[in-house]
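Comments concern the structure below.
The values are calculated or read from the model by the stated rules, or taken from the named source; none is laboratory data. What you see is a predicted model, and the numbers here were worked out from it, not measured in a lab. Neighbour counts are summed over all protein chains in view; Cβ atoms, including those assigned to glycine, are modelled from backbone coordinates with ideal geometry. Areas reflect the complete protein model, heavy atoms only, side chains present, ligands, DNA and RNA absent. Shrake-Rupley method; radii C 1.70, N 1.55, O 1.52, S 1.80 Å.
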Amino acid sequence: MHHVRLTLHRLFAALVASLCVAVAAQAADRTRLQDFLEVTGFDVALESIKLSAESAPQMLGADAQDFGFQWTALTEQVFDKKIMHGLALDILGETLSDDLLNHAAAFYETDLGKRLVAVENASHLTQDDGLKSESGEDIVAGLLRIGSPRLEILKRMNQASDSAGTAVRAIQEVQVRFLMAAAAAGVVELRMDEADLREAFRADEGEMRRSLQVSALSGAAYTYQAFSDAEVEAYTQALEHPDMRKVYDLMNAVQYEIMANRFEALAARMKGLQPSQEL
């Protein structure tokens, strides 16, 4: 599996090099890192990874509902928040300097920052049944009709929070690692080797990027609808600060690595699942 992990490992290496501003800089201690997870809402963002587990059976041509309670029990174990928080603390403990931690925490400890985290946490833990995305799309459509400058601010916000542009490639990496792990566990028989699998995903990269951009815009419009244009602008400017960009680049990389790690663990344990039968 070393080749499968290569892309994200290179990303981590680059992030470590850029974030360690000096050899003498000390990484934050574990207690402060735990506080950092909470004040930024990153702890809830990690917990929400479990919601993405619903897509795992779909990649294998099945549905999570096919496995009934077995699936719920398995995902609760694999996506246990203590495991995911522990992985995050281990990585951040090696990469996040005190200076960067302090910069991000200072913003999120403000009144605006706390209010933003509250709505972001609520959004992260809301399973989208279609209503959330439809509401966001309606808001975007309304902003377009009146020519509101808010849309451009939201686009800047989304770009700043993924300034490294890693989302599409990282999602592809998660999918590849999951499918390869499922094949290794005998859950599925792949007709393509790893290289062909990656090429197939790359062929759809443009469409995936556009889809993610549209989804991110409607998601942001929905999540921050209660905030004024001035507050959204203030948040965007905070995210565009070079230090905050570094923090978000790192958090994005950590989140996707943990997602890939947990999806691999999920694949390894799916072989024992049996489709549930109605009695």
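Using +1 at the C-beta of Lys and Arg and -1 at the C-beta of Asp and Glu, which of G41, L190, S161 has the Cα lying farthest in the positive direction of the dipole of the chain?
Value computed over the given set: L190.
Carbon and sulfur: what percent of the range 163-279's accessible surface (1.4 Å probe)?
49 percent
At a threshold of 8 angstrom on Cα-Cα distance, excluding pairs fewer than six apart, so keeping six or more, what relative contact order does the chain reach in percent?
Over the chain, the number comes to 33 percent.
For the pair T126 and R191, what calculated FRET efficiency results from E = 1/(1 + (r/R0)^6), where r is the Cβ-Cβ distance and R0 = 22 Å, to the nearest 0.05? Kindly include the intermediate steps, with their values, before the conclusion.
Values: r = 37 Å, r/R0 = 1.67.
My answer for the efficiency is 0.05.
Which residue, E257, E152, E233, tops the fluctuation ranking in a GNM of the chain built on C-alpha contacts under 10 Å?
E152
What dipole magnitude, in Debye to the nearest 20, does the chain give about its Cα centre under +1 on Lys/Arg Cβ and -1 on Asp/Glu Cβ?
360 debye
Sort 192-202, 239-249 by the packing proxy (mean of other Cβ within 10 Å over each peptide's residues), most packed first.
My ranking of the peptides, most packed first, is 239-249, 192-202.
How much length would be gained if the chain were fully extended between L87 and R145, taking 0.36 nm per residue of separation minus their Cα-Cα distance, in nm to one decimal?
Full extension from L87 to R145 adds 16.4 nm.
Around N121, what is the net charge, scoring Lys/Arg as +1 and Asp/Glu as -1 over all other residues with Cβ under 12 Å from its Cβ?
-2
Run the helix sum for the chain: -39,500 (n - 2.57) per DSSP H stretch of 4+ residues, divided by residue count, reported at 222 nm to the nearest 500 deg cm²/dmol.
-23500 deg cm²/dmol
Of the listed pairs K82/K155; K50/K271; K155/K246; K50/K132; K132/K155; K50/K82, which have alpha-carbon separations greater than 24 Å here?
K82/K155
For the range 54-128, with all protein chains present and a 1.4 Å probe, just round the carbon and sulfur fraction of the accessible area to a whole percent.
52 percent
Can you give the FRET efficiency to the nearest 0.05 for E205 and E54, using r as the Cβ-Cβ distance and R₀ = 25 Å?
For E205 and E54, the calculated efficiency is 0.65.
Can you pull the percent of Cα pairs in the chain with separation above 25 Å? Display every interim value, and only then the final one.
Numbers: 19761 of 38781 pairs.
Of all Cα-Cα distances in the chain, 51 percent exceed 25 Å.
Roll a 1.4 Å probe over the protein chains and send me the accessible area per residue for the range 134-279 in Å².
Roughly 52 Å² per residue, with all protein chains present.
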